[in-house]
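Inspection log for the structure reproduced underneath, given as structure tokens.
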Amino acid sequence: MNESKFVILGGGMVAGYAAKQLVELGLQPGELAIVSADNSVPYERPPLSKGFLAGKDTEEAIRINPEDFYAKHGIELKLECEVTAVDPKRRRLILKSGDDFGFNKLIVATGARPRTLNIPGAKLRNVYYLRALDDSKIIRSALEQMKQAVVIGGGFIGMEVAAVLAQKGIEVTMVLNDDRIWKRFFSREMSSFFEAYYAERGVRFVKSTAVAELRGDGVVNSAVLRDGPTVPCELVIAGIGVQPAIDMLTNSGLNVGDGIIVNEYLETSQADVLAAGDVANYQDVLFGRRRRVEHWDNAVSQGQYCAQVLMGERVPFRHVPYFFSDVFDLSYEYWGDSSGADQIIDRGDLSTKSFSVWWLRQKTVVAAFTMNRPDEEREVAPKWIESRQTVSPGKLEDASQSISHALA
């Protein structure tokens, strides 16, 4: 039976950053194996819906570590290796090939899979989901021939893909279930800004509806909306969320639900088995609630954290949730959790490309969004959220003064 002291199940961003951190912490050759169903060494996912999709980034440029990094440091990289079951008691992975792979300590970082459309015509050609490098490659190639596209979903994937398509001269229609774009994160005023910005660049919105059917003779040529209208298209990209990849854990004894349930140390219900990244449902010690985060920064931070745990450190995972996005010529960042906010403060002019938004709960900062604002604002945002900083709402709103004046 093949085995390794440390094994990472999943070859995504957690694996890439955990491997890098382990090497920096003194990992010895032969101590780590990465078991991945992917056909590529670990790569960054954000460019898949931005720079790589647009043709600006190369495959080599988006790798987390150089391709020879793993062999150079004695890390076994088992690509295109599908795992069908995990046996924590016997400390082994059951491979699709029928072989076993043993471990002393395991990080489960299997990520998530796209939710798929369950409507007539969903299996037509040119209907895509964007999750992996191969998905982005296929879509990028297809775009060269397209003139009309439908993007289903108004979250960050939908927004980023729609921006790339529009910049390539493709006529884009975004179909949203909600009455405004990214309702889960954006305030109403923020949604209005982004909708206007997209509309000025040729993107059309159809809101408060859904695609009921896709039509075409083998290849999609139209999307029929729930309330009747038909939208012509040669391409459909559905960004309707993801679900944690936990199929191989059914009989593992691990506590699973919305992902793998872990504690504040990212430990599962089984000894010496951790979980990290999109699949980990962890106890957030900052906000006192369970959370599963599907963003780049979470995978990076938890990968690095797990590496430290494997090398003997044991402190709770403490991290301010964060994500960023690039659409058209805009770049923005978001920290925290706005779900418990009782007040929203806008700083700057929301009719321009430079503003920040701050969510407060009893005058304590719980979330922040910044776009083209002074560095001081983006620097204090995570610090204030972590320290539960209280502020003066009136002073915070006054963008003529340094944000430090807002401290209560």
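Points to keep in mind about this one:
- Over the chain: helical MRE at 222 nm, DSSP H runs n ≥ 4 each giving -39500 (n - 2.57), nearest 500: -6000 deg cm²/dmol
- Separation of alpha-carbon centers, the stretch 141-204 and the stretch 345-372, rounded to whole Å: 22 Å
- Zone of residue 137's modelled label, taken as backbone nitrogen in the stretch 53-72 under 16 Å from a point 7 Å along Cα→Cβ: 53-64, 67
- For the pair residue 398 and residue 89, the difference between a 0.36 nm per residue extended length and the Cα-Cα distance amounts to 105.4 nm.
- Extension gain, residue 265 to residue 82: 0.36 nm times the residue separation minus the Cα-Cα distance gives 63.2 nm.
- Around the Cα centre of the chain, unit charges on the Cβ atoms of Lys, Arg, Asp and Glu (plus for the first two, minus for the last two) sum to a dipole of about 680 debye.
- Reported value for the stretch 1-159: 145 Å³ per residue, from the convex hull of its C-alpha atoms.
- D_trans [Stokes-Einstein, Kirkwood Rh over alpha-carbon pairs] for the stretch 16-96, 10 °C, 1.306 mPa s, µm² s⁻¹: 111 µm²/s
- Amide H contacts of residue 256 (H built 1.01 Å from N, under 5 Å, at least 5 apart or other chain): 261
- Here the simple spin-label model places points 7 Å from the Cα toward Cβ, and for residue 226 and residue 354 these points are separated by 4.1 nm.
- Full-stretch length increase - residue 285, residue 217 - with 0.36 nm per residue and alpha-carbon distance subtracted: 19.2 nm
- Summary value for the chain: 15 percent relative contact order, contacts being C-alpha pairs under 8 angstrom separated by 6+ residues.
- With the simple spin-label model, which puts each label point 7 Å out from Cα in the Cβ direction, the residue 199 to residue 122 separation comes to 3.2 nm.
- Residues residue 339 and residue 387, FRET efficiency given R0 of 22 Å [Cβ-Cβ distance, rounded to 0.05]: 0.70
- Percent accessible area from carbon and sulfur atoms, the stretch 77-223, protein chains only, probe 1.4 Å: 42 percent
- The trypsin sites (Lys or Arg not before Pro) of the stretch 30-100 that meet both conditions, a loop assignment by DSSP and at most 14 other Cβ atoms within 10 Å of the site Cβ, are 56, 89, 90, 96.
- For the chain: Kirkwood Rh in Å [reciprocal of mean 1/r, alpha carbons]: 22.7 Å
- The stretch 182-278 shape via C-alpha gyration tensor axes, a/c threshold 1.5: oblate
- Reducing the stretch 16-92 and the stretch 226-252 to their Cα centroids gives an inter-centroid distance of 26 Å.
- Tensor-based shape of the stretch 85-142 (alpha-carbon gyration tensor, a/c under 1.5 rounded, otherwise prolate or oblate): prolate
- Excluding ligands, DNA and RNA, the accessible surface per residue across the stretch 66-169 is 49 Å² with a 1.4 Å probe.
The values are calculated or read from the model by the stated rules, or taken from the named source; none is laboratory data. No experiment lies behind these values; they were computed from the predicted model shown. Cβ coordinates were reconstructed from backbone atoms using ideal geometry, including for glycine residues, and neighbour counts include every protein chain displayed. Accessible surface areas use protein heavy atoms only, side chains included; no ligands, DNA or RNA. Shrake-Rupley method; radii C 1.70, N 1.55, O 1.52, S 1.80 Å.
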